[in-house]
Each structure stands twice: as C-alpha cells, then as structure tokens.
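To start, the structure under review is shown below, and the notes come after it.
Just so it is clear, none of the values below were taken in a lab; they were calculated from the coordinates. Predicted model, so just to flag it, every value in this text is computed and none were measured. Virtual Cβ from ideal backbone geometry, glycine too; neighbours counted across all protein chains shown.
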Amino acid sequence: MGQGFSIKAKANSEADIFIYEDVGDMFFGGVTAKQFAQDLKAVGAVQKINLHLNTSGGDVFDGFAIYNLLVSHAAKVVSYIDGLAASIGSVIAMAGDEIKIAENGFLMIHDAWGMTAGSAEDLRRTADLLDTTTGAIADVYVGRTKNPMDKIRKWMKDETWFTGREALDAGFADSMVENLKIAAKFDPNRHKFRNAPRALLAPPSTGPTPLRAAATTKFAAMKANFELKKSRAV
C-alpha cells in the first residue's frame with residue numbers, strides 16, 4: 001500500500017478517509033479492499049464519513065468492494081472529489097450520500113478495460129467479463145445521477161472527462177466547493193487515458209504521495225500474465 005491512503009476517527013463521531021492514490025495493489029501498491037475494510041472497522045461506530053478522493057482509479061474489483069463497504073455502512077457518507085476521481089475512483093465517489101467536487105476538480109468515466117493473453121477462447125471470456133463489468137459500472141452511474149442508460153453508456157464509451165461544473169450539471173455531484181491546494185494530476189505513462197485534459201498531463205507530483213515510475217517491459221509482462229490467469233479463473 002502506498003502513502004496516500006488513511007482512515008482516521010475524529011472526536012465528533014466522524015471519520016476522515018483519504019484515497020489519494022491508486023486502487024488495488026496488483027501492480028502499483030495502492031489501497032486494497034482488504035486493507036480498507038480492516039481500517040474502516042478499526043475506527044468503530046461513527047455517524048459520518050468524510051471521503052476525500054484524488055485518484056486515477058485502478059483495480060475494478062477492489063474498487064467495487066470499497067464502494068459496497070461504504071454504501072452498506074450505517075454512517076452518512078460525504079464524498080469530496082478534491083482533485084480527480086477517475087475510472088473506478090469515480091464509482092467509489094458515487095458511494096456518497098452527498099457528493100462535493102472542487103471547482104477545479106475532475107471526474108472521468110469510461111468502459112472497463114483490461115489485458116489478457118492466450119487462446120481465442122481466453123480472449124472471448126475476457127471480453128465477456130469486461131462487458132459485464134462495464135454494465136455494472138453503468139448501473140451505479142444511472143442509479144446515482146438519474147441519467148438514462150443510453151447517455152451514460154455514450155459517455156463511458158467516449159471516455160468522458162467532467163470539470164467540477166460539468167459533473168454538477170450531469171448529476172455526478174451535488175455541489176461544488178472552493179478550490180483546494182491539491183493537484184489533480186496523473187502519470188500518463190501509467191494511465192493510458194485517451195481524452196485526458198491537457199491540464200492534467202503534467203509530470204507526477206513529488207509531494208508526500210508521489211506516483212510511481214512508468215511501467216517497465218518486465219512489469220508489462222507480469223501484468224499480462226496476471227490477467228491471463230484471472231481470465232482463466234472466471
């Protein structure tokens with residue numbers, strides 16, 4: 001796990017959660033659903049959860065588990081998109097009973113994607129899994145925003161980026177908050193998004209929660225091998 005995740009209880013029956021890193025530790029050492037569940041349980045019974053997000057996304061299954069843990073929690077959840085909530089990070093944001101986005105924040109939605117290798121049957125099974133996963137993500141967006149499915153699916157296929165104002169207008173947020181001193185940036189060598197705004201294509205921050213270096217050839221081979229095993233396990 002990286003340095004950008006924390007859950008801390010406060011004296012007023014609240015808990016602050018910060019996900020300022022990737023989701024899932026398969027390759028980048030981000031926050032896992034297992035760690036999230038353990039830390040959430042450790043804060044005990046709270047009445048309000050302040051969920052702060054600045055994440056490019058990551059593993060969809062860890063992300064869904066985190067989303068479900070928050071949705072099923074007895075506390076009121078307020079999501080704050082402090083910088084970026086992209087990919088599965090945007091799904092986690094939807095767990096909020098209330099969603100606030102910084103005026104200079106961004107939210108991005110897209111179809112599920114992955115990598116695999118193997119036979120034609122392996123590839124077909126992976127494609128089916130991606131279709132099913134994309135459908136599950138779309139259901140979350142439809143339920144939260146009340147937009148029709150065809151509009152949501154169009155936005156996902158196009159990999160749509162929303163500014164704070166656009167996210168509010170599209171129903172992905174309930175209100176905007178003042179800009180924060182947090183940069184919504186990601187490493188384009190690590191996250192191959194098609195339509196990322198130019199403003200986000202800056203080098204990774206060297207602050208307290210740095211993004212890791214770009215994947216090497218060896219890493220790419222490890223990822224392909226992992227996805228092959230996962231596709232065969234489905």
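At-a-glance table
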read-out	value
Relative packing of 30-39, 60-69, which averages over residues the other C-beta atoms within 10 Å, highest first	60-69, 30-39
Sites Ala45 and Lys146, calculated FRET efficiency, Cβ-Cβ separation with R0 41 Å, nearest 0.05	0.85
Mean Cβ count within 10 Å, highest first, over the residues of peptides 3-11, 138-146	138-146, 3-11
Stretch gain in nm, segment Met115-Glu178, where the contour uses 0.36 nm per residue and the Cα spacing is subtracted	18.8 nm
Kirkwood Rh in Å, taken over the range 1-127 so that all alpha-carbon pairs contribute	15.0
All-pairs Cα distance distribution in the range 46-119, expressed in whole percent, bin size 5 Å	4, 17, 26, 23, 14, 8, 4, 2, 2, 0, 0
Contour minus Cα-Cα distance for Asp128 and Glu166 (0.36 nm per residue)	10.5 nm
Alpha-carbon centroids, the range 143-168 and the range 50-78: separation in whole Å	19
